[in-house]
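The values are calculated or read from the model by the stated rules, or taken from the named source; none is laboratory data. Note that the structure is predicted; figures quoted are calculated from it, not measured. We place every Cβ from the backbone using ideal geometry, glycine too, and count neighbours over all the protein chains shown.
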Amino acid sequence: MKKIILYCDKIILCGLILLAFILPFVFHTAALITIGLLIPFAAWIVKLIAEKGKGINVTPLFLPILFWGGIILISSLNSINPQYSFHEFRGEYLKQILLFLLIVNNIKEDYKYRYLIYALLLGCFFVSIYTIFGYFSGTAAWKPWFPRATGTYGSKCRMAMYFVFIVPLVFSICLNTSKKLLRYTCLALFLLSSFSLVLTFTRGAWIVCAVMILILAFRKSKKAGFSVSIFTLIIFALLLTFSIQVRTRVSRTIDFSRGLDKILSSRITLWKNSFEVIKDYPLLGAGYGPNIFNYLAKDYNLTTKANFLPPTPSKQQQPDAHNFYIQIMIETGIIGLLIFLYFLFVFFRYSFNFLNRIDKNREFLFTTVLIIFGILFFGFTGYFYENRNALFFWLFISLAASVVKNKTREEIIG
């Protein structure tokens, strides 16, 4: 039995390492994502049978997660396109919860956390290289007006959201590790990934990422905080001086004579029209899944004016509400939003209650919680909760919950 449990542990770890590495490579990797979840799940079932069910960890997050799944199921039954919503329930929600269960119940030893983090870092390296190469070669760039890096996601905004998850983690490891080789490696990766983020020209991601980095630096020490602040200002000044794209992006952002709606790329108009959907589907929403937004687009004029730089088309249909919380209400109604906010409340309370009680990995836990908070703040002007970035969201939720539950004995990033 011990050999079976040992082999199952190795299979679960290898599957999750594969998943962590391959996750940001969106195209032609769906089968690998499935393998990275289903094979570890099968191994976990065998392990549970061998352990006679003793290896199940229960956390306070389970009940809110079940409530969230329940409202998704009910919303799918009430959907304007039930077939699509049930497909999303199986393809998205179940994957996210499976990832949570696998990590919380199987990633308990310090070396397992490290292997997952190293897989994330290695993936970030290749993604950053591809993003930079794609931008300058034009093979992975969005360019109606000027080039913006789309990287491995094929989308400038989704690519930027990925870096919001990863850049603060890389920076935190660089600050807190005692291993020189790892520190310098992470410093190089931080500069590389930050440059990739800049090339997406996504303002919200810039701001959220910069704020998180400053918080981590000042948490380390005042000296580190002021040093990073000065370095950031210098880099920003150089970008303003030598990059016409950055200068144009910034100048049009602070040009309040254009009106707030134009500064926010017609988001306010889009949000107003989105609330018309919520009025018609108030309690349970129009159906789970981001593409529900596209089904409603013509009836509710869910478009924005493309007025950043001429020449432009008169309108652009949007794939989502550009607001995470409005999008949740469109999909699952006010009840769905309240349940998701309840889940977030339980998560943050659970994490912060233990933040000052655990002896080890306090900085790692703080970093993961900060990243979740940052991406949720970014959600006020963008939508991240779909496909790969939704899995990243649950990956970081799972890592934080696992660290709290298992109270590791060694520093993961020390």
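At-a-glance table
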item	result
Residue check for ALA205: under 23 Å from VAL127 (Cβ atoms), small (Gly, Ala, Ser) and either in contact with a Phe, Trp or Tyr (Cβ under 9 Å, 6 or more places away or on another chain) or at pLDDT below 95 (or both)	yes
Test set (1) buried (at least 20 other Cβ atoms within 10 Å of the Cβ); (2) part of a helix (DSSP H, G or I) - PRO24 fails condition number	(2)
Residue in the stretch 366-388 that is farther than 21 Å from PHE163 by Cβ, crowded, with 19+ Cβ neighbours inside 10 Å and modelled with pLDDT under 95 present	no
Lone qualifier among ILE80, ILE45, ILE49 - being farther than 28 Å from MET161 by Cα, exposed (fewer than 15 other Cβ atoms within 10 Å of the Cβ) and in contact with a Phe, Trp or Tyr (Cβ under 9 Å, 6 or more places away or on another chain)	ILE80
Flag if PRO40 is touching a helix residue (DSSP H, G or I) at 6+ places or on another chain (Cβ under 7 Å), at pLDDT 95 or above, part of a loop (DSSP other than H, G, I, E, B) and crowded, with 18+ Cβ neighbours inside 10 Å	no
Residue in the stretch 227-238 that is touching a helix residue (DSSP H, G or I) at 6+ places or on another chain (Cβ under 6 Å), farther than 20 Å from VAL250 by Cα and touching a residue at least 40 places away in the same chain (Cβ under 8 Å) present	no
Conditions (1) surrounded by fewer than 21 Cβ atoms within 10 Å (Cβ to Cβ); (2) in contact with a His (Cβ under 9 Å, 6 or more places away or on another chain); number of the one not met by PHE231	(2)
Leading residue by the ranking (farthest from TYR153 (Cα to Cα)) among those in the stretch 389-407 that are among the polar types (S, T, N, Q) and crowded, with 21+ Cβ neighbours inside 10 Å	SER402
Selected residue [more than 29 Å from THR152 (Cβ to Cβ) and either hydrophobic (A, V, I, L, M, F, W, C) or touching a strand residue (DSSP E or B) at 6+ places or on another chain (Cβ under 9 Å) (or both)] from LEU61, LEU16, LEU102	LEU61
Criterion: touching a residue at least 12 places away in the same chain (Cβ under 8 Å), on the phi > 0 side of the Ramachandran plot and not basic (Lys, Arg) - qualifying residue of PHE190, PHE201, PHE195	PHE201
Condition met for PHE218 (part of a helix (DSSP H, G or I) and within 14 Å of VAL167 (Cα to Cα))	no
Which numbered condition SER257 fails, given (1) of a type in the set (Gly, Ala, Ser); (2) closer than 13 Å to GLN327 by Cα; (3) without any contact (Cβ under 8 Å) to a residue 12 or more places away in the chain	(2)
Residue in the stretch 144-152 that is of a type in the set (A, V, I, L, M), buried (at least 17 other Cβ atoms within 10 Å of the Cβ) and farther than 30 Å from VAL246 by Cβ present	no
Answer residue from the stretch 111-151, given it is of a type in the set (Val, Ile, Thr) and modelled with pLDDT under 95 and is farthest from LEU376 (Cα to Cα) among those	THR139
Scope the stretch 1-21; condition within 23 Å of PHE125 (Cα to Cα) and either in a loop (DSSP other than H, G, I, E, B) or charged (D, E, K, R) (or both); matching residues	none
Set PHE136, PHE146, PHE126: member being within 19 Å of VAL167 (Cβ to Cβ), hydrophobic (A, V, I, L, M, F, W, C) and not in a strand (DSSP E or B)	PHE126
Output for the stretch 152-167, where each listed residue is over 17 Å from TYR118 (Cβ atoms) and touching a residue at least 60 places away in the same chain (Cβ under 8 Å)	THR152, TYR153, GLY154, CYS157, ARG158, MET161, TYR162, VAL164
